[in-house]
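A.B. asks: If you scroll down you'll find the structure; I have some questions about it.
The values are calculated or read from the model by the stated rules, or taken from the named source; none is laboratory data. Predicted model only: the values in this text are computed from it and were never measured. No Cβ is skipped: glycine too gets one built from the backbone with ideal geometry, and neighbour counts run over all protein chains shown.
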């Protein structure tokens, strides 16, 4: 996987010129920076980027250029990369379970913000992290309006979070709170419930949280005609925080990954075959850059281009779509409405593919070769 130095006008120009036999991801830096500005201008607090969603160095560099000054890191490797590429940026180590050697490494790298959701992990932090650092207690509520539930793995109950927060403050650390409403959360009221629960945690514990991290979960544009209402979510977060904390809310933080990076990448996979005019096989699939589709649901912003670059316009038909490997689970969810004249050699071009795609691509079964090309814009 490598980045070409050539900058193309859009994906279609490259596909017409090269007709590649391997999947290609097209990266539009201007789109990424525009989305970063949207968060920086709209969110009422500090915007940090969740590195896990797409850790390519070119992504980090463009976010820094756009003005992003904080990063949510989950491992020593991510800490090392951010320290190298953005040495003045804040790093929030918000993976709530860490080995002692990982905590010690983070301390040695100057990380001063950590999250926790259990008493056992809090004791590790007390052992290794100097007092005066920030510890954010992560809490959870029943999931609503999200593609899948982050609370199934991380997060304390409200009552437990209150006790944790009290212990953090008593030990001389900066007490804060953090939550994640669930990935691809399209219901703004999820943030409403979490923010009001944060205020309740502060009330129960008798501790004023210094910061409230409203998490990731901000939705990307996946379904045609369903534009994410990011500005409405930003406004709700600011309004509800002010209401819940009686006009004196904690400093707000967010850590978007998907919503920041998704729109800046477009995938072009090629049709390997159309089996008996029923099943479509691609040279990319769920072991490649389409890994998360069975979890988060399919992106339907798809265009089919002939090898010459013309758009297929045949009457749509529902098709089962498989990836290239021999594994039967290498299948996209449901059935996709694809033009009836789709043919071997065509390109299936999927928009909004920047999140959890290049990061989860594997070489299983000998597939997974993925090129990255730079484009000025990513329209088809």
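A.B. asks: Provide a single number: the residues in region 213-236 that are surrounded by 24 or more Cβ atoms within 10 Å (Cβ to Cβ) and either over 19 Å from the mean Cα position of the chain (by Cα) or assigned to a strand (DSSP E or B) (or both).
C.D. replies: The number of residues fulfilling the criteria is 1.
A.B. asks: Here's something else I'd like to know. Checking residue 303 against (1) touching a residue at least 60 places away in the same chain (Cβ under 8 Å); (2) assigned to a loop (DSSP other than H, G, I, E, B); (3) closer than 28 Å to residue 31 by Cα, which test does it fail?
C.D. replies: It is condition (2) that residue 303 fails.
A.B. asks: Among the numbered criteria (1) outside any loop (DSSP other than H, G, I, E, B); (2) surrounded by fewer than 20 Cβ atoms within 10 Å (Cβ to Cβ); (3) within 18 Å of the chain's Cα centre (by Cα), which one does residue 239 miss?
C.D. replies: (3)
A.B. asks: Could you grab me the full set of residues in region 21-57 that are more than 30 Å from residue 113 (Cα to Cα), surrounded by fewer than 19 Cβ atoms within 10 Å (Cβ to Cβ) and in contact with a strand residue (DSSP E or B) (Cβ under 7 Å, 6 or more places away or on another chain)?
C.D. replies: 21, 22
A.B. asks: Please pick out the residue among 277, 246 that is assigned by TED's automatic domain parsing to the domain that holds residue 341 and either in contact (Cβ under 8 Å) with a residue 12 or more places away in the chain or surrounded by fewer than 24 Cβ atoms within 10 Å (Cβ to Cβ) (or both). Steps first, answer last, please.
C.D. replies: Details: 246 fails: assigned by TED's automatic domain parsing to the domain that holds residue 341.
Among 277, 246, only 277 is assigned by TED's automatic domain parsing to the domain that holds residue 341 and either in contact (Cβ under 8 Å) with a residue 12 or more places away in the chain or surrounded by fewer than 24 Cβ atoms within 10 Å (Cβ to Cβ) (or both).
Let's see how each residue does on (1) in contact with a strand residue (DSSP E or B) (Cβ under 8 Å, 6 or more places away or on another chain); (2) surrounded by 20 or more Cβ atoms within 10 Å (Cβ to Cβ):
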| site | (1), (2) |
| --- | --- |
| 320 | yes, no |
| 324 | yes, yes |
| 327 | no, no |
| 337 | yes, no |
| 346 | yes, yes |
| 370 | yes, yes |
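A.B. asks: Within region 169-190, can you find the residues that are assigned to a strand (DSSP E or B) and buried (at least 23 other Cβ atoms within 10 Å of the Cβ)?
C.D. replies: Here is the first cut: in region 169-190, the residues assigned to a strand (DSSP E or B) are 174-178, 183.
Those that are assigned to a strand (DSSP E or B) and buried (at least 23 other Cβ atoms within 10 Å of the Cβ): 175, 176, 177, 178, 183.
A.B. asks: If a residue has to be in a loop (DSSP other than H, G, I, E, B) and over 18 Å from residue 14 (Cα atoms) to count, how many in region 306-348 make the cut?
C.D. replies: Looking only at that region, the number is 20.
A.B. asks: Does any residue of region 349-364 turn out to be buried (at least 16 other Cβ atoms within 10 Å of the Cβ) and more than 22 Å from residue 296 (Cα to Cα)?
C.D. replies: no
A.B. asks: From the list 142, 130, which one is modelled with pLDDT under 95, assigned to a loop (DSSP other than H, G, I, E, B) and over 20 Å from the mean Cα position of the chain (by Cα)?
C.D. replies: 142
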